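The values are calculated or read from the model by the stated rules, or taken from the named source; none is laboratory data. Just so it is clear, the model here is predicted, and its values are computed rather than measured. Backbone-built Cβ (ideal geometry, glycine too); neighbour counts: all protein chains shown.
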Amino acid sequence: MPPEPTGGPPAEAATRLLADGPSVINVGLESFATELAGQDRPVVHVDWVPPAGGDPRLARLLAKLLT
Amino acid sequence: MSTVLNEVRRGTYLDSVALMRISGAIRSMDGVDECGLMMGTPANLRILADAGVLAAEGETAGPGDLVIAIRARDAARAAAAIAEAARILSRPKRTSGSGPAAVMPRTLRSAVAALPGANLALVSVPGAFAATEAMKALAAGLNVLLFSDNVSLDDEIALKAEARARGILMMGPDCGTAIIGGVPLAFANAVTRGDTGIIGASGTGIQEVSCLVSNGGGGISHAIGTGGRDLSREVGAITTLTALDLLDADPATRQIVLISKPPAPEVARTVLARVSRSPKRVVVCFIGAKDLDLPPNAVAGATLEDAANLALGRPVATPASLSRPTASGKLHGLFSGGTLAAEAQLILSRAGLAVASNAPVAGSAPIAEAHGRHTILDLGDDAYTIGRPHPMIEPAVRDAHIRAALESPDCAVVLLDCVLGYGSHPDPAGHIARLVEARPPGGPRIVASVTGTDADPQSRTLQVERLRAAGIEVPPSNAAATRRAVELLTQATPPERR
């Protein structure tokens, strides 16, 4: 079921994103980070590789164990 | 006799766009017939096998291994292609971002440590891993733009519930576009900043409206993408409601444009009830929706163009109508943008034309019933992009469809879109123009729209000029292009007389 509409003040983390502009951690397509860096936006690209040898189910289990 | 040669790089990963670019460079080498660089997932190995480039060594690759697969005129050229791929792959990886060059962090946690003040994770890893990475980002307190598709509905609900509990904005999955504080993210355009906020379930819908507003003298405060399923009954508009809270509270936003395909009825009621409490004017563009019960502070725009005109305080365009019956020729619409394809279908249907599509909206027939109907294909649909780049990144994936339409005896008008901006191909108009210029004289008329601005890396003006030089008509919007296509259908010489 849909949640009740909030209509209240938005939370701080999201408000600060709009107020400050994005400061980005890029995980995936490196071209996105390159384009942000080209616009002088703060960005750090993660040298991501598929975890668990590329097995998504094992990767999910590992992530749960580590958090 | 051609030679197929494979090399497997164990434990080597590159993203799909980087691999596509290397594949393109290798494919252009003399004597190379086909080239595929892919991670060795079972689906990718099937694609390589179907393309006739998989050899025994390639078959040994696992999902964490990179396969370089070549088919060339002879063994020497195949070996040279493998060597060139190896040379490109051996280039040191770039570091990106501000601050001194450093080794790239391998984990999200170390990246956060390297960028104090980080407030957004832009996640575009393959879908099977995307939810895991997005959840790590939420746990680190980051807002998330999840670009990846193929994320399950259950994962989407879990991610959005987590984000709501943490007071975080969760854009996506399958969020192709956002503009935050004037910064284009993923596939977005360089638009003027202004007082119109956008909340959109569709990437190209946000792109078209933001560009029309910007090109029309207005500006965008923020454009927040929600992902295509946000207004489904199951997800219940979690991100849309968060975005309404944010834009309501944002002093830079005077009015809000809400873009989506028609939502589930109970979700539409919830969202419109929330809209009624907004202190701001809201333009509601639920493309194709009828009889919306809107609150007094809201107005309805039936198309993306209508939504942009309403935001600009302009009258909406008169819908297309047939001045006289069409000749027997058909319209073939070949789109890279899904919502642009939806808007075109709506305009054609409202003009009284029978339309079929692989992504039909209300009033259109499924593509299996295309006979005797005008057709609109969304070539960015998942069915066309498995193992291939999206046509906004690589326009060549649309070539075969355009050639077929231009040579089709029943085609009177070809309707295209050309989407510019960050993330898109550097010269989509040039690609289309070269293809069109190579055709024999005569044949169908061609109409195209160009979604973009002059501040985009490709420059809208230059792209429009390139298309016009190739004899392609370029009206000012996708809706206007579709109306022009309707006009041309009534003027077209019946194909049998050509």
Limited to region B:156-174, what total is found for residues that are at the interface with chain A (Cβ under 10 Å from one of its Cβ atoms) and out of contact with any Ser or Thr (no Cβ under 9 Å at 6 or more places or on another chain)? 3
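Would you confirm, using the coordinates I've provided, whether B:Val4 is within 14 Å of chain A (Cβ to nearest Cβ) and more than 31 Å from the chain's Cα centre (by Cα)? Even if it seems obvious, please write down each step before you answer.
Working: within 14 Å of chain A (Cβ to nearest Cβ): no; more than 31 Å from the chain's Cα centre (by Cα): yes.
In short, no.
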Can you name the residue in region B:383-403 that is surrounded by 15 or more Cβ atoms within 10 Å (Cβ to Cβ) and among the β-branched types (Val, Ile, Thr) and is also nearest to the chain's Cα centre (by Cα) among such residues? B:Ile393
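Residues that are within 21 Å of B:Glu394 (Cβ to Cβ) and away from every other protein chain (no Cβ under 14 Å): which strands (runs of 3 or more DSSP E) entirely in region B:17-136 hold 2 or more of them? Step through it out loud before you land on a result.
Numbers: elements: B:32-39, B:66-72, B:120-123.
In region B:17-136, the matching strands (runs of 3 or more DSSP E) lie at B:32-39, B:66-72.
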Condition set assigned to a loop (DSSP other than H, G, I, E, B) and more than 14 Å from the chain's Cα centre (by Cα), scope region A:20-40, selection nearest to the other protein chains (Cβ to nearest Cβ): answer is A:Gly21
Restricting region B:296-325 to residues that are of a type in the set (Ser, Thr, Tyr) and not assigned by TED's automatic domain parsing to the domain that holds B:Pro262, which is farthest from B:Ala480 (Cα to Cα)? B:Ser323
Taking the residues in region B:175-208 that are away from chain A (no Cβ under 12 Å) and surrounded by fewer than 24 Cβ atoms within 10 Å (Cβ to Cβ) as candidates, determine which candidate is farthest from B:Leu244 (Cα to Cα). B:Thr192
Need at least 2 residues that are surrounded by 20 or more Cβ atoms within 10 Å (Cβ to Cβ) and within 14 Å of chain A (Cβ to nearest Cβ) per element, so show me which strands (runs of 3 or more DSSP E) inside region B:251-339 make the cut, counting only ones lying wholly within it. B:255-260
First in region B:472-491 and modelled with pLDDT of 95 or more, second anywhere and part of a helix (DSSP H, G or I) and surrounded by fewer than 17 Cβ atoms within 10 Å (Cβ to Cβ), Cβ under 6 Å, 6 or more apart: B:Val474/B:Arg468
All but one of (1) more than 7 Å from chain B (Cβ to nearest Cβ); (2) closer than 12 Å to B:Leu122 by Cα hold for A:Val43, so report the exception by its number. (1)
